[in-house]
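A quick write-up on the structure given underneath.
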2 protein chains.
Amino acid sequence: METPRELFQIMTRRLGLLNKDCCSVGGCNLSAAQSHLLYEIYRSHNPSMQQVAETLGTDITTFSRQVQSLVKMNLVKKTPDPTDRRVYTLSLTPEGKMVATTIDQQMNEYLNEAFSHMSEFEVETLLRSIKLFNEAMGKSSNCCAPVKG
Amino acid sequence: METPRELFQIMTRRLGLLNKDCCSVGGCNLSAAQSHLLYEIYRSHNPSMQQVAETLGTDITTFSRQVQSLVKMNLVKKTPDPTDRRVYTLSLTPEGKMVATTIDQQMNEYLNEAFSHMSEFEVETLLRSIKLFNEAMGKSSNCCAPVKG
DNA sequence: TGAAATAACTTGCAATTTGCAAATATAAAT
DNA sequence: ATTTATATTTGCAAATTGCAAGTTATTTCA
């Protein structure tokens, strides 16, 4: 019987590969890191640089440059916060939204393809389990910084 | 209700952070990539460079150098294959085994800590589900190269 | 008020990591 | 034998990383 770690390691590896493969959209060829960045901006409401960097566990200086390159690609917009001018607020450009949703679709398509090898009940159980697990990891403050979500 | 992708994205991110945090053992400070490498050598029986690189989806030239650095750290041993002298077989040194199992323990400890916020039944269900999911991804050849395991 | 401390973000720089193209060395095929 | 294919390594140039230090804006509190 596999240990939990083995199960997660294999799954993580595969999902990592998927992440690599799935984030080329049209002309844009994003890295997995950039894809995560886009995703996080997409799902949160006008977050600051600081916030996103911390959520993703990325060094803030590295993050600053990652954002710069996405701005240059016209996927991300940086808006100065009117109430605190040290802060920049991040959002997606229309093009960025399109790329983000396309990546999302590609990922879901692949996942559904994998799910087609499972019964409907098994899929539902899996998704419910992962949801619970994410919540559990959120409560756990042991090893790595808790990431809200 | 979250899409499958959202659930997996959050989980993947968190497990990625865990991977980063959990692979420092004693003096050795490994990257997540090196930890994956160690794990894969550990679980397979005297694999060749080529095999491991492909399993991990790593470019072979990058992989060659990653192995070199692990050899230098005295965690991995490269043995020329007697039946085909182009091939090098990879294995863990005693020290490498120790590091690999220590990482494994650390990961399992953290996972168990997270599991403590779930019922026993929920944990069992989660693990069974992931096992099924891994098998399903193995059958799916759609997007990213299938990874045996 | 107005210096000193703190916070958000950026840049300099040096080290590491990456992948393509080309090289080496061995094996298989014809 | 010569060509072709396979496994691994090296050269090199580009991209990515993180620390230290810098800039600009805000807070603190004497």
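The values are calculated or read from the model by the stated rules, or taken from the named source; none is laboratory data. What you are looking at is a predicted structure, and each value in this text was computed from that prediction instead of being measured. Reconstructed Cβ throughout: ideal geometry from the backbone, glycine too, with neighbour counts over all protein chains shown. Remember, those area values only see protein heavy atoms, side chains included, never the ligands or the DNA or RNA. Shrake-Rupley method; radii C 1.70, N 1.55, O 1.52, S 1.80 Å.
Rounded to the nearest whole Å³, what is the per residue volume of the convex hull around the Cα atoms of the protein assembly as shown? Please list the in-between numbers first.
Numbers: hull volume 46.2 nm³, N = 298.
Hull volume normalised by residue count: 155 Å³.
Charges only on Cβ, +1 for Lys and Arg, -1 for Asp and Glu: so what's the dipole of the range A:1-83 about the Cα centre, in debye to the nearest 20?
Values: 9 positive and 7 negative charges, 52 e Å.
With Lys and Arg at +1 and Asp and Glu at -1, about 240 debye.
Treating only the Cβ atoms of Lys and Arg (+1) and Asp and Glu (-1) as charged, compute the dipole magnitude of the protein assembly as shown about its Cα centre; round to the nearest 20 debye. Walk me through the intermediate numbers first.
Values: 32 positive and 32 negative charges, 199 e Å.
The dipole of the protein assembly as shown has a size of about 960 debye.
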- request: Could you provide, to the nearest whole Å², the per residue accessible area of the range B:27-135 with probe 1.4 Å?
  value: 54 Å²
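Grab the alpha carbons of chain B, take their convex hull, and tell me the volume per residue in Å³. Intermediate results must be reported in sequence, preceding the final value.
On the way: hull volume 20.9 nm³, N = 149.
Per-residue hull volume (Cα only) is 140 Å³.
From other protein chains only, count the Cβ atoms within 10 Å of every residue's Cβ in A:99-112, then give the mean.
On the way: counts 0, 0, 0, 0, 1, 4, 2, 2, 7, 5, 3, 7, 11, 4.
That average works out to 3.
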message: Charges on Cβ only, +1 for Lys and Arg, -1 for Asp and Glu, centred on the Cα centroid of the range B:27-137; of B:Thr55, B:Leu126, B:Gln105, which one is farthest towards the dipole's positive end?
response: B:Thr55
- request: From other protein chains only, count the Cβ atoms within 10 Å of every residue's Cβ in B:19-27, then give the mean.
  value: 2
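Just list whichever of A:Lys139/B:Lys131; B:Lys20/B:Lys77; A:Lys20/A:Lys78; A:Lys77/A:Lys131 have alpha carbons separated by over 29 Å in the model shown. Present the calculation step by step, with values, prior to reporting the outcome.
Working: A:Lys139/B:Lys131 24 Å; B:Lys20/B:Lys77 24 Å; A:Lys20/A:Lys78 25 Å; A:Lys77/A:Lys131 31 Å.
Check vs 29 Å cut-off fails for A:Lys77/A:Lys131.
Calculated FRET efficiency, A:Thr83 and B:Thr3, Cβ-Cβ r, R0 35 Å, to nearest 0.05? Before the final figure, lay out each step's value.
Values: r = 33 Å, r/R0 = 0.95.
Computed FRET efficiency for A:Thr83 and B:Thr3: 0.60.
Calculate the dipole size of the range A:27-138 relative to its Cα centre from +1 charges on Lys and Arg beta carbons and -1 charges on Asp and Glu beta carbons; express the result in debye to the nearest 20. Intermediate values should be presented prior to the final figure.
Working: 10 positive and 13 negative charges, 136 e Å.
I would put it at about 660 debye.
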- prompt: In the range B:1-74, what percent of the accessible surface is made up of carbon and sulfur (1.4 Å probe, ligands and nucleic acids excluded)?
  reply: 49 percent
- request: Per DSSP H run of n ≥ 4, the term is -39500 (n - 2.57); total these for chain B, divide by its residue number, and report the mean residue ellipticity at 222 nm rounded to 500 deg cm²/dmol.
  value: -20500 deg cm²/dmol
task: Just tell me how shielded A:114-125 is by partners: mean number of partner chain Cβ atoms within 10 Å of each residue's Cβ, no decimals.
output: 4
task: Between B:Thr83, B:Thr55, B:Thr101, find the one with the highest GNM mean-square fluctuation for chain B; connect C-alpha pairs within less than 10 Å.
output: B:Thr83
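Compute for chains A and B the buried accessible surface, both sides summed, probe 1.4 Å, and express it in Å² to the nearest 100.
Working: alone 10770 and 10760 Å², together 15030 Å².
Rounded to the nearest hundred, the buried surface is 6500 Å².
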- request: Just read off the accessible area of A:Phe121 with the full protein assembly in place, 1.4 Å probe, to the nearest 10 Å².
  value: 140 Å²
- prompt: Farthest toward the dipole's positive end in chain B, which of B:Ile41, B:Val87, B:Cys22, given Cβ charges of +1 (Lys, Arg) and -1 (Asp, Glu) about the Cα centre?
  reply: B:Val87
